[in-house]
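So the structure is just underneath, and the comments pick up after that.
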Amino acid sequence: MSFLDKEKEDILIDLNTMTSKEFYEEYVMCTRIWYFESVLLQNEVKEVDDFKKIISEEFKIERSESHLVGSGKLGFSLAPHKKFKSFKLEESEDQELSDLDIAIISPELFKVTWECLKEYKYEQIISEYKALSSSVFRGFINDKNLFQQLGLNAKAIDRIDKCSIRLRDHFNIIHPINYRIYNSWRDLELYTLSGIERCKGGSCKK
């Protein structure tokens, strides 16, 4: 049975009964995606292939080197501070639209972007330096940290903009799209496992 055939409560039971590694492989790394089947309501296999094709072309990576994570994957968030919040389809006065989170696994792009940031550090003041340093230490770079650096000329920024435009146009996506560039699959795994561990026990721990 796929997780898409399960209720949220059943998934949370698995969260607390499976090991973090088992849950990661079963729910995070599986091929099915809640957003495609429940929101886009289209041929999921074909659409996921088209989705990965666009990302592959814009980021110059293999199709296998991107992965949709976050609440768009499961239908609710596993981020410890969000406490299993369901994917927000429509904006309201008290809540914004949920994001689609795309992991780009590319050692080459990670290295080039990191080198660009290091050079930039000697010319400008790095915005959110501690947060950026912490993420780089853990093997990833968030797109928001790149866009915070005014005047930064990085290939990743241009690729992110072009990719988002194509994805929105092709799939009529209205939800914000976030990108995180990982140095390796292992770094993605370690980061996700850490979040899963903090969510065990029924409510996310800070």
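Structure data summary
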item: Residue count, the range 124-157 (criterion: open to solvent by 80 Å² or more (accessible area, probe 1.4 Å) and closer than 20 Å to E108 by Cβ); result: 4
item: Criterion: closer than 24 Å to L12 by Cα, touching a helix residue (DSSP H, G or I) at 6+ places or on another chain (Cβ under 9 Å) and open to solvent by 30 Å² or more (accessible area, probe 1.4 Å) - qualifying residue of K73, K60, K83; result: K83
item: Strands (runs of 3 or more DSSP E) completely within the range 57-173 that count 2 or more residues being under 18 Å from the mean Cα position of the chain (by Cα) and touching a residue at least 60 places away in the same chain (Cβ under 8 Å); result: 66-69, 100-105
item: Total residues in the range 174-196, condition assigned to a strand (DSSP E or B) and either under 22 Å from E37 (Cβ atoms) or aromatic (F, W, Y) (or both); result: 4
item: Identity of the residue in the range 11-56, hydroxyl-bearing (S, T, Y) and at pLDDT 90 or above, that ends up most open to solvent (accessible area, probe 1.4 Å); result: T17
item: Number of the exception - R180 against (1) in contact with a Phe, Trp or Tyr (Cβ under 8 Å, 6 or more places away or on another chain); (2) open to solvent by less than 10 Å² (accessible area, probe 1.4 Å); result: (2)
item: Filter result for the condition that a residue is under 26 Å from Y24 (Cβ atoms), open to solvent by less than 90 Å² (accessible area, probe 1.4 Å) and among the charged types (D, E, K, R), over D187, D161; result: D187
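The values are calculated or read from the model by the stated rules, or taken from the named source; none is laboratory data. Every value quoted in this text rests on a predicted model; they were computed, and no experiment measured them. Don't worry about glycine lacking a Cβ; one is built from the backbone with ideal geometry, like all the others, and counts go over all protein chains shown. Heavy atoms of the whole protein, side chains included, go into the accessibility calculation; ligands, DNA and RNA do not. Shrake-Rupley method; radii C 1.70, N 1.55, O 1.52, S 1.80 Å.
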